[in-house]
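Okay, so here's the structure we're looking at.
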Amino acid sequence: MAKFETVEVTTDLLIVGGGMAACGAAVEAAYWAKKQGGMKVTLVDKAAMDRSGAVAMGLSALNQYVGIAAGDNTAEDYVRYVRQDLMGITREDLVFNIARHVDSTVHLFEKWGLPIWKDDAGKYVHEGRWQVMINGESYKVVVAEAAKNALREAGGEYYERVFIVEPLMDGDRVAGAVGFSTRDNKFYIFRAKATLVAMGGAVHVFRPRSVGEGFGRSWYPPFNSGSSAYFTIKAGAEMTCQEVRFIPVRFKDGYGPVGAWFLLFKAAATNAFGENYMQTHQDELKKYAPYGAGKPIPACLRNHLGMMDLFAGKGPLYMQTAEAINKIAEGVKAQHKDDPKEADKAFKKKMKHLEEEAWEDFLDMTISQAILWAATNTEPEKVPSEIAPCEPYFIGSHSGASGAWVSGPEDCAPKDYFWGYTNMCTVKGLFAAGDASGASSHKFSSGSHAEGRIAAKSAIKFITENNTLPKVDAKQLEAARERVLRPVELYEANKDDTTDPTINPKYLMPRQFMDRLQKIMDEYAGGVSMQFTTNEKLLKRGLELLAFLKEDSEKIGASNLHDLMRAWENIHRMWQAEAHVRTLLFREETRWPGYYYRSDKQGLDDKDWKVFANCKWDRTSGEWGFMKRPIVGIGV
Ligand code: SFD
Ligand code: AMP
């Protein structure tokens, strides 16, 4: 086999991931590490931090800004908003903790150079109550630069293009991680006193809508492949909300954002016959009281009402862009009633401005949607544009909730939710933030950064109080190296058995493995082709097929380092998939219609299921355990 050098790095705090939460963690940890004198912080990203993770292409808004100092909202308001959107299932202590700190993160972004839109009075321009508009095409570059500078100044290190595979353990304490370089033949061992997981959520677990020539295009970035879930599950951490996938409704095929259209432009979405499904299906919302009756209507229920028309054959669905833009411009025209010439001029000027904003919304974060509009002659001021629900994603920081079960903050976490260190998982020394931590939805990019800061400060405290380097025996390291590099060895040993090295009886290629995973998930766990619907029988059959896939996960081949990354990405996805299917089976109700439907358990069942559905994979027995955890609010 090709020679792989083993590189060992010893550090105090290890941050795995380089996205929003990891960058927040780096800035905060560097500050406290410097204060503690000589503590070392190391960050490892599979990609280049400037353009890694969900914010790689940029974003057009900061979706969480509370505006506490200005008296616009309180952190308690935010808790009520998230509870409503997630149909009552949320860790209010965690949401509150992020909400009370997020504004300071946004102010840091601005200080570091992120252009946030301001009105004539110098106030942030809001998209909606919680969202502020940015010129965000270089958002991630700005945030990554600050993180790298902070690490450098504190004597820390960052590794880019090193893929983290799995945790190292010292009994019940995490001891670091192993991974490999995606550029050089190097196997990495990171030993650490505490490890903070921030490797995002997961995409391409389900068969995507975009296949063939569009393959790889998805709403969520293809680089996030379930590594956070895999890492925490494998460390033996309790996980939460694994059934809660997120289905964003997006401009079809380019996956352009809809938030600006709904909130800023006040556009309506309709079925193909021009009927506004949010109005025609209002009665349906009553079934999901109290959430259905509350405001804003939860994202899953907004999806659900659109899906009712789609599944009844009234598609395609459309965003009425032209109607919305024209209405705003007409409003400006009306201000010049007495001067038709001036009115016409004002109308044209406003139309031009709105048109620019519409395109910029895509160019800031989803350039491919702008290209698709251009390619299909879609002029938003003249014609409506098709929207559709995407395939399911796992993203605990958006309107999903999946992630690790972490400790809340001491001052406001209910007793059952506090075990010593804020944002520590149920495994000693293991911390999680952003998509990696569960049941604290709607933190988005800014809240994930804030949560990274919270978790890092807490991890540094853990280190000062547990200041020993966990032990990892040589046997564990050798086994990890063998397992991580096995796909390369399998491929090299057997590739000459067949004329086409991608078709081989001794191994399968990462893409073949992923295709099978996606087919299983799509057909048995309620993907796009099943109209997001599943039942007990389908889920159980899906689990049988996943078991065969798991056997084959030991047989993935890799012809190069890129393939090796693909191999591990898909194994990570498979574990995320299994946690999802098992938890869908466990929760016997349909709490989030519009995200998924259990056809055999329709509707809400608050009596039995207004609880968290948690799970844990036992490291010794290899068995999954499931438990209900009570919802305890913070009294707001
Ligand atoms: O509106 C490994 N999000 C939006 N948030 C906003 O605030 N405003 C918006 O405008 C947003 N929009 C949006 C958003 C997300 C997406 C996908 C789109 C549009 C298309 C949400 C935020 O982006 C999201 O909440 C945060 O980014 C979450 O932060 P974090 O840190 O949990 O995840 P990350 O930033 O994706 O970073 C993940 C990192 O992990 C690395 N990684 N590193 C080493 N080894 C491995 N095995 C790894 N696997 C992954 C990645 O490289 C990356 O560095 S809107 O349309 O909704
Ligand atoms: P999106 O572009 O859909 O990700 O939305 C950006 C932000 O706007 C998120 O905070 C969403 O929850 C919110 N949002 C989008 N559409 C609506 C809507 N119709 N009503 C209320 N909030 C919305």
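So that you can scan it fast, the table gives a plain yes or no per residue for (1) surrounded by fewer than 22 Cβ atoms within 10 Å (Cβ to Cβ); (2) at positive phi; (3) in contact with a strand residue (DSSP E or B) (Cβ under 9 Å, 6 or more places away or on another chain); (4) among the charged types (D, E, K, R):
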{"site": "Ser559", "(1), (2), (3), (4)": "yes, no, no, no"}
{"site": "Trp568", "(1), (2), (3), (4)": "no, no, yes, no"}
{"site": "His572", "(1), (2), (3), (4)": "no, no, yes, no"}
{"site": "Gln576", "(1), (2), (3), (4)": "no, no, yes, no"}
{"site": "Glu588", "(1), (2), (3), (4)": "yes, no, yes, yes"}
{"site": "Lys601", "(1), (2), (3), (4)": "yes, no, no, yes"}
* Asked: What about Ala493, is it part of a helix (DSSP H, G or I) and modelled with pLDDT of 95 or more?
  -> yes
* To do: Taking the residues in region 263-309 that are assigned to a helix (DSSP H, G or I) and within 16 Å of ligand 1 (Cβ to nearest atom) as candidates, determine which candidate is nearest to His398 (Cα to Cα).
  => Ala299
* **Test for Thr232: is it in contact with a strand residue (DSSP E or B) (Cβ under 7 Å, 6 or more places away or on another chain), more than 18 Å from Val383 (Cα to Cα), of a type in the set (Val, Ile, Thr) and buried (at least 21 other Cβ atoms within 10 Å of the Cβ)** => yes
* Which one is farthest from Asn63 (Cα to Cα) among residues in region 114-141 that are within 16 Å of ligand 2 (Cβ to nearest atom) and either part of a helix (DSSP H, G or I) or polar (S, T, N, Q) (or both)? -> Tyr139
* To do: Can you confirm whether region 3-13 contains a residue that is out of contact with any Gly (no Cβ under 7 Å at 6 or more places or on another chain), within 16 Å of ligand 2 (Cβ to nearest atom) and at pLDDT 95 or above?
  => no
* To do: Go through (1) in contact (Cβ under 8 Å) with a residue 60 or more places away in the chain; (2) not in a loop (DSSP other than H, G, I, E, B) one by one and return the number of the condition Tyr255 breaks.
  => (2)
* To do: Would you point out which residue out of Glu381, Glu410 is touching a helix residue (DSSP H, G or I) at 6+ places or on another chain (Cβ under 8 Å) and more than 16 Å from ligand 2 (Cβ to nearest atom)?
  => Glu381
* **Some residue of region 259-268 being in contact with a Leu (Cβ under 9 Å, 6 or more places away or on another chain) and under 30 Å from Gly526 (Cβ atoms)** => no
* Flag if Gly429 is touching a Pro at 6+ places or on another chain (Cβ under 8 Å), among the small types (Gly, Ala, Ser) and modelled with pLDDT of 95 or more -> yes
* Asked: If you go through region 113-133 one residue at a time, how many are under 18 Å from Gly24 (Cβ atoms), surrounded by 15 or more Cβ atoms within 10 Å (Cβ to Cβ) and over 20 Å from the mean Cα position of the chain (by Cα)?
  -> 2
* Asked: Consider Lys337 against the criteria (1) at pLDDT below 95; (2) touching an Asp or Glu at 6+ places or on another chain (Cβ under 9 Å); (3) charged (D, E, K, R): it satisfies all of them except one. Which criterion is unmet?
  -> (2)
* Only one of these is away from ligand 1 (no atom under 15 Å from the Cβ) and buried (at least 20 other Cβ atoms within 10 Å of the Cβ): Ala237, Ala312, Ala260. Name it. => Ala237
* Structure fact -> Given (1) out of contact with any His (no Cβ under 9 Å at 6 or more places or on another chain); (2) within 16 Å of ligand 1 (Cβ to nearest atom); (3) among the aromatic types (Phe, Trp, Tyr); (4) in contact (Cβ under 8 Å) with a residue 60 or more places away in the chain, Phe109 misses just (1)
* Structure fact -> Those residues of region 532-557 which are under 30 Å from Val484 (Cβ atoms) and of a type outside the set (Asp, Glu) amount to Gly542, Leu543, Leu545, Leu546, Ala547, Phe548, Leu549, Lys550, Ser553, Lys555, Ile556, Gly557
* Going by the structure shown, is Ser458 buried (at least 24 other Cβ atoms within 10 Å of the Cβ) and free of Cβ contacts under 8 Å to residues at least 40 places away in the same chain? -> yes
* Asked: Does Tyr158 fit the bill of being more than 16 Å from ligand 2 (Cβ to nearest atom) and surrounded by 17 or more Cβ atoms within 10 Å (Cβ to Cβ)?
  -> yes
* Asked: Among (1) more than 18 Å from Gly201 (Cα to Cα); (2) under 26 Å from the mean Cα position of the chain (by Cα), which single condition is Gly53 missing?
  -> (1)
* Of the numbered conditions (1) surrounded by fewer than 21 Cβ atoms within 10 Å (Cβ to Cβ); (2) in a helix (DSSP H, G or I), Thr583 satisfies every one except a single condition; which is it? -> (1)
* Asked: Got at least one residue in region 20-42 being assigned to a strand (DSSP E or B), under 22 Å from the mean Cα position of the chain (by Cα) and more than 16 Å from ligand 2 (Cβ to nearest atom)?
  -> no
* Structure fact -> Of the residues in region 151-175, those that are among the small types (Gly, Ala, Ser) and under 26 Å from Gly226 (Cβ atoms) come to Gly171, Ala175
* Asked: Can you name the residue in region 207-227 that is of a type in the set (Gly, Ala, Ser) and part of a loop (DSSP other than H, G, I, E, B) and is also nearest to ligand 2 (Cβ to nearest atom) among such residues?
  -> Ser218
* Among the residues of region 384-407, which ones are away from ligand 2 (no atom under 16 Å from the Cβ) and of a type in the set (Ser, Thr, Tyr)? -> Ser402, Ser407
* Asked: Given Glu554, Glu536, Glu578, which one is acidic (Asp, Glu) and under 21 Å from Gly201 (Cβ atoms)?
  -> Glu578
* Cβ-Cβ below 6 Å, separation at least six or inter-chain, first residue in region 47-61 and farther than 20 Å from Val258 by Cβ, second within 6 Å of ligand 1 (Cβ to nearest atom) and acidic (Asp, Glu): which pairs? -> Ser52/Asp45
* **Criterion (closer than 29 Å to Val632 by Cβ and surrounded by fewer than 14 Cβ atoms within 10 Å (Cβ to Cβ)) met by exactly one of Gly434, Gly447, Gly429, Gly420** => Gly420
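The values are calculated or read from the model by the stated rules, or taken from the named source; none is laboratory data. Keep in mind the model is a prediction, meaning the values are calculated, not measured. Ideal geometry is used to build each Cβ from the backbone, glycine not excepted, and the neighbour counts take in all protein chains shown.
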